[in-house]
Every structure is written in structure tokens, then in C-alpha cells.
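S.K.: One structure, as C-alpha cells, below. Some questions next.
Values quoted throughout were computed directly from the atomic coordinates according to the rules given, and no laboratory measurement underlies them. Small disclaimer: the values here were computed from a predicted structure and weren't measured.
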Amino acid sequence: MIVKNPKFEISAVSEKQYPKGKLPEIVLVGKSNVGKSSFVNTMLNRKSLARTSNTPGKTRQINFYNIDEKFYFVDLPGYGFSKMSKQEKVISGKYIEEYLNKRENISLIILVLDIRHNPTEDDFLMFDYILKTNLPFIVLTNKADKIAVTKVDTEVERIKKSLGISYSTILPFSAERKIYIDEVWNEVEKYLKL
């Protein structure tokens, strides 16, 4: 996909702040520091449209990125960040739940995992939650540059088995090396109906 003019539109914490209109939304969920913001920048070929940080838990609100007035990438707050206070976790959990429950524009959920590790308890909780929404989803195994190319397929299969799914798309990704971008766009475009 050729992206010409992506822009950050709004950070929202409640339904009334979400963008108006019916543009489809591609939603990113995953634990803190798994690389959701880097994914946005890599897919859009921009260096810093989505703010990245070495500090986990930086995204505390729902960030909407308008892609050429055709669709949104929506970056939800990361979960599982231990330094976030209990109150902050509850608040960001409410943002996530309200958005996933009430938003009618969601076309696809992308669960971002770290290819090097087994899914965490929080990942399993989120995965279970996604299944209950009955919304389309894919799983993205990020940080594929951190392992040998020859091990990528094996690690993707391992994660597939641990999640217990055989029917859903699981793709490797590397924001660092900018590889697997075309495969991910091909998958995303299936859900956009542009």
C-alpha cells in the first residue's frame, strides 16, 4: 500500500473523544514495550509519527492515526507494565475495554507479541478477550530481527501452538529491519475493503 499523508489525529480516553465518521479502524493491542508504535512508524515509512520510547508504558491513551483519510491505525495502551500504579492499570484497562466493546468501526485487531518469548499471562487474557469480541484478528510476532532468520518459522509455529490456534493468521514482523511489511499490508488490506 502506498501511504501519502498519514497523520496523528487524537489521543482519546473516552468514547466522546473518538473520531467521528465511519472510517475502518485497524487496532493494535499488546503489552508495553512490544513495539506497537514502532510498527505504526514502520508500516507508514515514517520515523516518528507514533512516539516510541525505551520506557515501557508510555502510551497511556488511545492514539488514532489517520491514514490518508481511508482508515485509522489505533494504538491502544500497552498492558502488563509493572511500574504503572494499580489505579493507572485500572484506568487504562477501562479505556481498552470501552473501546473494544463499543466501537463499531473496528475492522481488524492486531495482537502484537514478542517472537522471542512465550505469550505472558496478560497476553493470554487479551487473546481470550479478543476471541470473545468475535472481531477479526491476526497475531503479529514482532522483533523477528532479534533471532536467526532460520528460526523465525519455528518460533511463529511455537506461538501458534501455545495460543492453541490453527485457523488464524500469525505473521512475523521486524520494525527494526523493516522486513515482512508487504506480507502484513496484504493481510491488513483484506479487512479494509477500500
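S.K.: Please state, rounded to one decimal and in Å, the Kirkwood hydrodynamic radius that segment 85-161 gives when every pair of distinct Cα atoms enters the mean of 1/r.
M.R.: When all Cα pairs of segment 85-161 are included, the Kirkwood radius is 14.1 Å.
S.K.: Across all directions of projection, what mean area in square nanometres is found for the Cα convex hull of the chain?
M.R.: Average projection, Cα convex hull of the chain: 10.3 nm².
S.K.: Let me ask you something else. Just to be sure I understand: of the beta bridges DSSP finds with both ends in the chain, what percent are antiparallel, rounded to 5?
M.R.: 40 percent
S.K.: What pairs in LYS36/LYS160; LYS4/LYS132; LYS94/LYS143 have C-alpha atoms more than 31 Å from each other?
M.R.: Cα-Cα > 31 Å for LYS4/LYS132; rest within.
S.K.: Specify the residue with the greatest mean-square fluctuation among THR120, THR141, THR154, computed from a Gaussian network of the chain linking alpha-carbon atoms under 10 Å apart.
M.R.: THR154
S.K.: At q = 0.15, 0.21 Å⁻¹, what base-10 log of I(q)/I(0) does the Debye formula yield for segment 121-183 when every alpha carbon is treated as an equal point scatterer in vacuo?
M.R.: At q = 0.15, 0.21 Å⁻¹ the computed log10 ratios are -0.50, -0.91.
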